[in-house]
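Working notes, structure below.
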Amino acid sequence: MQIPTERQPHWQSRKALLLITCAALTISVWMMSSGAVTGASVQTFQSSPVTRGNLEHQISAFGVLVPQKVQSLIAMTEGRVSQLAQRPGAMLEAGQPILQLVNPKLQRQLEEQELALQAQQAEFLLLQQQLEQEQLQLQHDLRLAQAEQQLLQTQLAAKQELFRQQIVSALDFAQSEALLTQAKQKVLLAEEKLKGFVSSSQNRLAAAELNRQRAEKQRDIAKQDVLALAVSSEISGQLIALDESLKPGSQVVAGQALGQVAESGQLLAELKIGAVDAALVKPGQAVTLNIKGKPMLGEASWVSPNVVDNFLRVDVALLSDLPDTARANIEVKADINVGTQEQTLLSDRAAYIQKPQQRQALFVWDASSALYQRREVLIGSLTPKQMQLLDGVKAGEQILLQVPAALLNNEVIAPEDLNG
C-alpha cells in the first residue's frame, strides 16, 4: 500500500522564492557598492592635442557705465533745505528743481534792491526833464540874442545912410555900432552856453544812467540769489549723486557741493582688465559689451598707462544706441577682441599656465617612455579656453592639462602618479 506524501502549501513556495530573490539583490548591491568605492579612488587626468588653427583672442573685462558729461550741483547761495524734490536715479529735464532752499534775508535784500532801482529810475527821469527844461531856456535865450542882433544890424544900416547924409551925428552912429557889437557877443555867449550845456547834460545823464544800471545790477544779483534757492540742473539727464546729509531743515552754505547730474545718452564704459593682459589691449580694438543682458558694440577709446591694484583701466566708446535700461553706474561685462592669430599652434589651456608671452614648462606625452616629460615651451596668447604655442611642441603632441601642485617641479610624470 502506497502512502501518499503531503504537498507543501502554495504560500510557502512563494515565501522561499522571495527570500532567495532578496538575498541575490543584497549581494548585487554590495558588489556594486564595492566596485564604486574602488573606482572612486581612481583619479582621471586630461590632456589636449596640439593642433593648428585660428585663435580668436578675446580678453574678458568688467566695469560700469559712466557719463561723458557731468554737471556738479553747487549751492550758489546759503539757505535752509525746505524740500527734496528728487532722489538719486531720477531722470531730469533741464531746469527741473531738485531741492528747494529758503532764506528770508535774501528775500528782504531783493525787496530793498527793487526799491533802490525804482528810486534811481525816478531820479533819472527827473533829471531828464530838468535838462530838457534847461535846454529849452538856453535855446530861447539864444533866439532872443539873435533877434536883438538882427534888429540892431538893421538899425545900424539905416543910421549908416542917415550918417552919410549927415542927418545923424557921428556919435549916434558909433553908439549904434557898439550896440550891434554887444548883441553879437550875446549871441556868441548864448551859443557857447548851449553847446556847453549839451556836453554837460550828456555827462550828467551818463552818470545817472550808470547809477540806474548799478541799481539794476544789484537787483539782478539779489534776484539770482533768490532764484538760486531752487537748485536745478542746466542739462537734462540722470541725478547720479546727492549729498546724503541733505534733509529738510539742514543748512547749506554757498559753494557746497550738493550732487551730480549725468547727461542722458552720453555714456561710455569704464572697464578693468587684469594687468597680465595690459600689453595686448590698444585703442581702436572692437569690444562686445553686455548691458543688462543686451549685447552692444563698442571700441576701446583709451587705455590707461598705469596699473592700479593689478588692474588696467580701459575706456570704451559705445557705437550703437543704448538700451532703455542703460543708466550711469550700471555694471557691465565685456569681451575685448585683441586680434586673430591665423594658422598657429593651439591647445586647450593648461590649468597651470597663467601668464602669456613667456617661456614656461609644459608636460608633453612621450610615447617611447610612456611618460609626460617636462618641456620648456614659448607660450603666446592666452584665452580662457585656449593657449597659443609658439615653439617647443609640434602638431599632434599631447599636452597634460591638469597637474597636481606636488608634481609641478617634476621632470617626468607617469600616468599612475596622476591616478594615485
Filtered residue count, segment 223-260, keeping only those that are within 13 Å of residue 85 (Cβ to Cβ) and either in contact with a helix residue (DSSP H, G or I) (Cβ under 8 Å, 6 or more places away or on another chain) or of a type in the set (A, V, I, L, M, F, W, C) (or both): 7
Selected residue (only one of 101, 115 is over 30 Å from residue 324 (Cβ atoms) and crowded, with 16+ Cβ neighbours inside 10 Å): 101
Residue list for segment 78-102, filter: small (Gly, Ala, Ser) and over 25 Å from the mean Cα position of the chain (by Cα): 79, 82
Residue 197 in the same structural domain as residue 127 (by TED's automatic domain parsing) and either within 60 Å of the chain's Cα centre (by Cα) or touching a residue at least 60 places away in the same chain (Cβ under 8 Å) (or both): yes
Of residues in segment 154-176 being in contact (Cβ under 8 Å) with a residue 12 or more places away in the chain and in contact with a Lys or Arg (Cβ under 9 Å, 6 or more places away or on another chain), the one nearest to residue 193 (Cα to Cα): 176
Matching residues, segment 82-103, being among the aliphatic types (A, V, I, L, M), closer than 15 Å to residue 250 by Cα and in a loop (DSSP other than H, G, I, E, B): 85
Yes/no for residue 250 being within 22 Å of residue 326 (Cα to Cα) and of a type in the set (Gly, Ala, Ser): no
Considering residues of segment 258-303 that are exposed (fewer than 14 other Cβ atoms within 10 Å of the Cβ) and in contact with an Asp or Glu (Cβ under 7 Å, 6 or more places away or on another chain) only, the residue farthest from residue 314 (Cα to Cα): 284
Sole exception among (1) surrounded by fewer than 13 Cβ atoms within 10 Å (Cβ to Cβ); (2) part of a helix (DSSP H, G or I); (3) over 44 Å from the mean Cα position of the chain (by Cα) for residue 167, by number: (2)
Extreme residue, surrounded by the fewest Cβ atoms within 10 Å (Cβ to Cβ), among residues of segment 375-420 that are part of a loop (DSSP other than H, G, I, E, B) and of a type in the set (Asp, Glu): 411
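The values are calculated or read from the model by the stated rules, or taken from the named source; none is laboratory data. Computed from a prediction, not measured in an experiment: that's the story for all the values here. Virtual Cβ from ideal backbone geometry, glycine too; neighbours counted across all protein chains shown.
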